[in-house]
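Chemist: One structure is given below, represented as structure tokens, and several questions about it will come after.
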Number of protein chains: 6
Amino acid sequence: MKKLTHVDESGHARMVDVGSKPDTHRVAVACGKVCMKPETLALIRQNALAKGDALGTARIAGILAAKRTAELIPLCHPLALTHIAVDFEWVEGEATADNACVKIITTVETMGKTGVEMEALTATCVAALTIYDMGKAVDRGMSITDIRLLEKRGGKSGEWKAES
Amino acid sequence: MKKLTHVDESGHARMVDVGSKPDTHRVAVACGKVCMKPETLALIRQNALAKGDALGTARIAGILAAKRTAELIPLCHPLALTHIAVDFEWVEGEATADNACVKIITTVETMGKTGVEMEALTATCVAALTIYDMGKAVDRGMSITDIRLLEKRGGKSGEWKAES
Amino acid sequence: MKKLTHVDESGHARMVDVGSKPDTHRVAVACGKVCMKPETLALIRQNALAKGDALGTARIAGILAAKRTAELIPLCHPLALTHIAVDFEWVEGEATADNACVKIITTVETMGKTGVEMEALTATCVAALTIYDMGKAVDRGMSITDIRLLEKRGGKSGEWKAES
Amino acid sequence: MKKLTHVDESGHARMVDVGSKPDTHRVAVACGKVCMKPETLALIRQNALAKGDALGTARIAGILAAKRTAELIPLCHPLALTHIAVDFEWVEGEATADNACVKIITTVETMGKTGVEMEALTATCVAALTIYDMGKAVDRGMSITDIRLLEKRGGKSGEWKAES
Amino acid sequence: MKKLTHVDESGHARMVDVGSKPDTHRVAVACGKVCMKPETLALIRQNALAKGDALGTARIAGILAAKRTAELIPLCHPLALTHIAVDFEWVEGEATADNACVKIITTVETMGKTGVEMEALTATCVAALTIYDMGKAVDRGMSITDIRLLEKRGGKSGEWKAES
Amino acid sequence: MKKLTHVDESGHARMVDVGSKPDTHRVAVACGKVCMKPETLALIRQNALAKGDALGTARIAGILAAKRTAELIPLCHPLALTHIAVDFEWVEGEATADNACVKIITTVETMGKTGVEMEALTATCVAALTIYDMGKAVDRGMSITDIRLLEKRGGKSGEWKAES
């Protein structure tokens with residue numbers, strides 16, 4: 001097989017070489033929201049959805065998804081995560097059309113050669129999808145929104161915080 | 001083991017019994033957006049990101065994720081999907097701070113006993129996460145937003161369309 | 001490549017051909033127990049373990065595992081499960097050395113060509129393992145015991161019930 | 001989104017932070033039994049089951065399952081296992097109703113921040129489930145029993161051995 | 001978001017819509033070879049490799065891989081396989097440099113809307129990779145070769161046989 | 001359970017203990033070919049296959065498969081890969097019956113206790129299978145051939161290169 005030509009490589013996906021980076025402590029915090037009807041949020045807060053405990057199920061789904069990030073996101077490096085937390089917040093008091101959201105906040109940590117932003121964002125998305133799934137029988141119009149990185153620490157690029 | 005008590009079941013997660021439902025043709029269409037800096041969108045449109053082809057990689061990631069929805073979302077039923085398409089749109093002309101988004105539109109179909117909303121939403125989220133991953137070296141502040149169901153057809157509840 | 005000899009096939013693993021069997025409604029019920037110290041059971045009943053909600057987590061883990069049975073058990077056929085329920089029981093009143101067990105009862109159903117015994121047993125085992133994991137910091141001596149099929153219905157072999 | 005309230009966290013599942021623990025050599029040994037009719041055990045010992053080699057298949061299934069523990073058990077940390085062995089024992093001589101069991105003994109090792117008890121127990125359970133699957137056509141009443149940790153070494157809590 | 005432009009679709013990956021195809025009985029047979037030193041083949045035939053039973057392990061790996069084809073090959077449809085067999089052949093008599101190969105023959109069947117060629121080819125490749133893994137300590141120069149479809153039956157395109 | 005006999009262990013699969021090996025930089029390069037009709041290669045080179053971009057899809061599939069090697073190959077150790085590249089070559093000029101092949105070259109790296117040969121070979125096979133899948137509608141007779149290790153570096157056995 002003589003005279004082989006490398007297929008033109010511009011634009012080709014590649015998994016970046018991180019082999020020469022040191023193992024350092026990495027943290028990423030991501031957040032997102034699931035917006036819904038006030039009645040749906042009320043059912044979630046009372047744990048009264050027919051499919052069961054929305055937030056407990058979403059928390060487990062998010063934690064499991066963080067661990068499978070490298071299977072889902074093609075160019076992510078596999079990392080041995082050391083900590084995953086998925087938490088939920090809402091506005092106190094009665095839900096109204098303007099504040100009927102569950103906010104999701106996810107923290108992921110590792111000792112590794114590359115950051116865990118994708119793990120935190122993936123956990124947040126899958127937790128949000130699970131909340132949708134638990135409530136969709138009563139509210140198909142829910143939306144998942146504002147999924148973004150809040151903060152990262154560790155590695156060569158150091159600390160990064162989202163502008164508020 | 002006498003006098004067993006069922007643990008109180010209120011609020012417990014359960015995978016709904018769909019065994020008595022007929023197999024019908026089901027379609028779901030979902031959409032979402034990844035918002036970014038205009039410069040980042042320009043790089044994606046020119047296929048000039050260092051990590052490679054963002055949309056091609058996101059499309060494959062979304063298609064693969066649709067097929068793994070029942071592994072990710074705890075109470076989803078496994079379904080033999082017959083069609084998955086992940087498409088992208090953007091506003092024509094130059095990207096500005098107000099329109100620097102990639103829109104993702106996902107269609108999933110099956111012949112089955114339950115709908116494919118979660119499959120369409122999951123593919124959309126994972127495609128969005130992949131776009132974030134491809135571009136995060138130049139734009140950590142990107143956000144994934146407005147992930148929602150546009151339309152579903154098939155099954156007892158029939159057709160549903162999102163209000164525009 | 002002449003004179004090929006089939007490698008001797010006695011004892012070789014094979015996935016049985018079920019292609020000519022009709023799709024029928026299949027049900028399997030399995031059960032098992034996790035035995036522990038009375039103090040550990042008390043912590044589970046009060047949802048006071050440091051790692052969090054043992055039974056809620058075990059229920060989700062069991063449901064997810066049922067869907068992945070064909071990936072774990074080499075010769076199991078993949079099946080589109082239509083119903084999965086994982087429930088827990090314990091003896092009423094104070095836990096003592098003789099009755100400090102959580103009993104797990106799992107029901108799985110499908111419309112398919114082969115039974116769902118393995119799915120019900122796998123969900124039971126993984127729910128039991130999860131309870132162990134949640135409580136192991138306080139009780140490494142817990143044991144998982146009496147995992148067995150209680151009942152199956154559907155298919156050519158019809159109904160089967162365990163002797164009590 | 002002002003005045004956000006953290007959802008009450010008592011009882012919530014969390015993946016413990018092990019980031020500050022050193023990597024040390026960890027070993028766990030677990031065991032379990034599959035009890036069956038004497039005739040079934042005779043078929044396994046002669047490698048004469050219709051589905052094929054029960055123990056060879058169970059060994060592979062157990063080894064593969066150990067590597068997937070963190071996908072199955074929600075709060076387990078992913079670990080790079082360095083050694084997995086799944087072995088089988090039975091009572092010498094003719095099988096009788098009292099001794100018709102296959103005993104499974106699994107050893108798992110890693111260099112890591114947390115122990116491998118769950119990996120050893122998971123491999124044992126999946127090997128046991130596979131033996132059930134291979135033999136269920138002739139013996140649906142088999143039971144999986146006495147799955148427990150025998151021994152662990154390494155880490156801050158040091159050595160632990162089951163009471164005999 | 002007005003004036004959206006569909007990203008140009010030429011060359012974009014898509015999972016073909018098979019929803020309107022009937023479920024029919026599908027069969028695919030694939031084959032392949034692992035070529036090695038005569039001494040390596042002798043060790044395999046005597047089951048004397050240090051890592052253990054090469055063919056038994058390869059058979060299980062191939063069967064499991066067939067069931068995961070849709071996870072590995074991006075545009076494959078998920079299918080409920082009804083039969084998987086992985087068999088091995090070699091030339092009778094002493095192995096020489098010219099005939100030191102293990103031949104793998106894989107048969108996969110389903111009742112479904114699309115063929116199972118990819119499942120048969122994937123099982124063959126993973127069985128071949130497993131044989132390589134079992135023997136690589138003694139023979140790193142082994143090659144996997146002539147992986148191809150031998151025959152397919154069922155579906156609109158009907159029967160196809162490889163030219164010999 | 002007295003007088004237990006270890007099942008005879010000759011020929012039993014075992015995952016080799018690598019716990020005492022140091023973490024070193026490991027590289028493996030593997031290659032393989034997909035041979036096809038000249039017309040099929042022409043369609044791939046023009047990115048004109050109906051299913052879409054064959055090489056872009058195969059590259060992603062190969063990268064993802066490298067990360068899942070330990071799930072597919074039973075006795076492989078899980079490794080945190082630090083670099084994966086999948087590249088393609090073909091003979092310049094017009095394709096003829098003699099040179100109508102896509103050559104795949106895969107490089108995998110890690111810092112770990114054991115080599116990454118299987119990861120490089122697995123990525124190569126899955127990329128090849130994906131090319132087959134993309135083109136099979138026009139060319140069922142394609143074959144996957146000459147999958148082999150080209151080079152490995154790192155670890156106790158040091159450097160190895162295939163004879164040309």
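Laboratory data are not the source of any read-out in this text; all were calculated from the coordinates shown. Just so it is clear, the structure is predicted and the values come from calculations on it, not from any experiment. Here Cβ is always computed from backbone atoms with ideal geometry, including for glycine, and neighbour counts include all displayed protein chains.
Chemist: If you plug each phi of the stretch E:12-22 into the Karplus form 6.51 cos²θ - 1.76 cosθ + 1.60 with θ = phi - 60°, what whole-Hz ³J(HN,Hα) values come out, in order, with x for Gly and Pro?
Modeler: Each residue of the stretch E:12-22 in turn: 7, 5, 9, 8, 3, 7, 10, x, 8, 7, x Hz.
Chemist: Could you derive backbone 3J(HN,Hα) for the stretch D:65-78 from the dihedral phi with the Karplus parameters 6.51, -1.76 and 1.60 (θ = phi - 60°), listing whole Hz in sequence and x where the residue is Gly or Pro?
Modeler: Residue by residue, the stretch D:65-78 yields 5, 4, 6, 10, 4, 5, 7, 9, 9, x, 9, 6, 7, x Hz.
Chemist: A further question on this structure: How many Cβ atoms of partner chains, on average, are near each residue of A:135-146 if near means within 10 Å of its Cβ?
Modeler: So the per-residue partner count for this stretch is 5.
Chemist: Still on this structure, please answer the following. Pairs C:K161/D:K33; A:K67/F:K67; C:K113/E:K67; F:K37/F:K136; B:K103/F:K67: which exceed 18 Å Cα-Cα?
Modeler: Violating the 18 Å limit, Cα to Cα: C:K161/D:K33; B:K103/F:K67.
Chemist: Related question: Counting only other chains, what is the mean number of Cβ atoms within 10 angstrom of the Cβ of each residue in peptide B:46-54?
Modeler: The mean count of partner-chain Cβ atoms within 10 Å per residue comes to 5.
Chemist: Which residue is it, in chain D, whose C-beta lies closest to the D-to-B rotation axis, and what is that distance in whole Å?
Modeler: Taking the axis that maps D onto B, the answer comes out as D:E71, 4.
Chemist: Right, another one. Using label points projected 7 Å from each Cα along Cα→Cβ, tell me how many nm separate E:E163 and B:A97, to one decimal.
Modeler: Inter-label distance under the simple model: 6.6 nm.
Chemist: Turning to a different aspect of this structure: Sorted by average packing, counted as other Cβ atoms within 10 angstrom per residue and highest first, what order do C:106-113, A:146-153 take?
Modeler: Going by the mean number of other Cβ atoms within 10 Å, highest first, we get C:106-113, A:146-153.
Chemist: Å³ per residue of the Cα convex hull, for the protein assembly as shown?
Modeler: 159 Å³
Chemist: Also, quick follow-up: Counting Lys +1, Arg +1, Asp -1, Glu -1, what net charge surrounds F:K156 among other residues with beta carbon under 13 Å of its beta carbon?
Modeler: +3
Chemist: Using only Cα atoms, find the angle between the long axis of helix A:117-135 and the longest principal axis of chain A, and express it within 0 to 90 degrees, rounded to the nearest 10.
Modeler: It is inclined by approximately 30 degrees.
Chemist: I've got another one for you. Cβ under 10 Å from B:C31's Cβ, B:C31 left aside: what net charge do those residues give with Lys, Arg +1 and Asp, Glu -1?
Modeler: Taking every Cβ under 10 Å from that of B:C31, the sum is -1.
Chemist: Right, next: Taking a ≥ b ≥ c as the square roots of the Cα gyration tensor eigenvalues, with a/c under 1.5 meaning rounded and otherwise prolate when a/b beats b/c, else oblate, which class fits chain E?
Modeler: Because a/c hits 1.5 or more and a/b exceeds b/c, chain E counts as prolate.
Chemist: For chain D, calculate the relative contact order in percent as a whole number, restricting contacts to Cα pairs under 8 Å that are 6 or more residues apart.
Modeler: 38 percent
Chemist: For C:N47, which inter-copy label distances result when the label point lies 7 Å beyond Cα on the Cα-to-Cβ vector, reported in nm to one decimal and in ascending order?
Modeler: 0.3, 5.2, 5.2, 5.2, 5.3
Chemist: Go ahead and estimate [θ] at 222 nm for chain F from helices alone: -39,500 (n - 2.57) per DSSP H run with n ≥ 4, summed, over the residue count, rounded to 500.
Modeler: The helix-only estimate for chain F comes to -8500 deg cm²/dmol at 222 nm.
Chemist: Less than 10 Å Cβ to Cβ from C:I73, Lys/Arg counted +1 and Asp/Glu -1: what total charge do the surrounding residues give?
Modeler: -2
Chemist: Also: Shortest first and in nm with one decimal, please list how far the B:G11 label point sits from its counterparts in the other copies (point 7 Å along Cα→Cβ).
Modeler: 0.5, 5.2, 5.4, 5.5, 5.7
Chemist: Hey, for C:A162 with labels 7 Å out along Cα-Cβ, what do the inter-copy distances come to in nm, ordered shortest first?
Modeler: 2.0, 4.8, 4.8, 4.9, 5.3
Chemist: Next question, about the same structure. Can you report the principal axis dimensions of the stretch C:17-75 using only the alpha carbons, biggest first, rounded to whole angstrom?
Modeler: In descending order, the Cα extents are 52, 19, 18 Å.
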